[in-house]
Structure formats: C-alpha cells, structure tokens
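Enquirer: There's a structure below that I have some questions on.
The values are calculated or read from the model by the stated rules, or taken from the named source; none is laboratory data. Treat the numbers as computed from the prediction; the structure is a model and nothing was measured. Virtual Cβ from ideal backbone geometry, glycine too; neighbours counted across all protein chains shown. When the accessible area is computed, the model is the full protein with side chains, heavy atoms only, and any ligands, DNA or RNA have been set aside. Shrake-Rupley method; radii C 1.70, N 1.55, O 1.52, S 1.80 Å.
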Amino acid sequence: MSKKDIVKALQKYQKSRPNSTLRRNYLRSFTPKMIYRTTKTENPTTTKALVKKILDQLS
C-alpha cells in the first residue's frame, strides 16, 4: 500500500460511524497485519499463516 492509499483508508475510517461495519472490518484486518509486521522484523521466518494460526489459537 502506498502512503496515499493509507491516508485515504484512514480518512474513510475516521468519517465512518463508530459502530459501522467499515470500522469493524478495518480493525479485524489491522491487528494481524500489525502483528505480522512487528514479528517479521524480529524473526524473518514468520509467515502470515503462522500469525493467523496463533491468533486462532488465542481466540
């Protein structure tokens, strides 16, 4: 995602209603992405599938 796309997505998020499906979907996808990014820098062998598997175990 480019910076321009990120800014558009955040603006769209900010304009939406607090309980809208847009916000819920954004946060659902945001958490795994951020976990993947932070663990990838510490452990390069981390995969998105591994992050999903761990999150499924925790929920």
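Enquirer: I'd like to verify a number: residues in region 15-32 that are open to solvent by 100 Å² or more (accessible area, probe 1.4 Å) and either closer than 21 Å to LYS52 by Cβ or of a type in the set (Asp, Glu) (or both), how many?
Expert: Final tally of qualifying residues: 2.
Enquirer: Taking LYS40 as the residue in question, decide whether it is in contact (Cβ under 8 Å) with a residue 12 or more places away in the chain and charged (D, E, K, R). Write out each step before concluding.
Expert: On the way: in contact (Cβ under 8 Å) with a residue 12 or more places away in the chain: no; charged (D, E, K, R): yes.
So LYS40 does not fit the description; no.
Enquirer: Continuing with the same structure: Residues of region 1-39 being assigned to a helix (DSSP H, G or I) and over 14 Å from the mean Cα position of the chain (by Cα), which ones? Can you show your working first?
Expert: Just the residues of region 1-39 that are assigned to a helix (DSSP H, G or I), to begin with: 3-15, 21-39.
Passing the criteria: LYS3, LYS4, ASP5, VAL7, LYS8, GLN11, LYS12, GLN14, LYS15, THR21.
Enquirer: Moving on. In region 33-51, how many residues are among the β-branched types (Val, Ile, Thr) and exposed (fewer than 10 other Cβ atoms within 10 Å of the Cβ)? Even if it seems obvious, please write down each step before you answer.
Expert: At the first step, the residues of region 33-51 found to be among the β-branched types (Val, Ile, Thr) are 35, 38-39, 41, 45-47, 51.
Restricting the remaining residues to those that are exposed (fewer than 10 other Cβ atoms within 10 Å of the Cβ) gives 41, 45.
Counting residues in region 33-51 that are among the β-branched types (Val, Ile, Thr) and exposed (fewer than 10 other Cβ atoms within 10 Å of the Cβ) gives 2.
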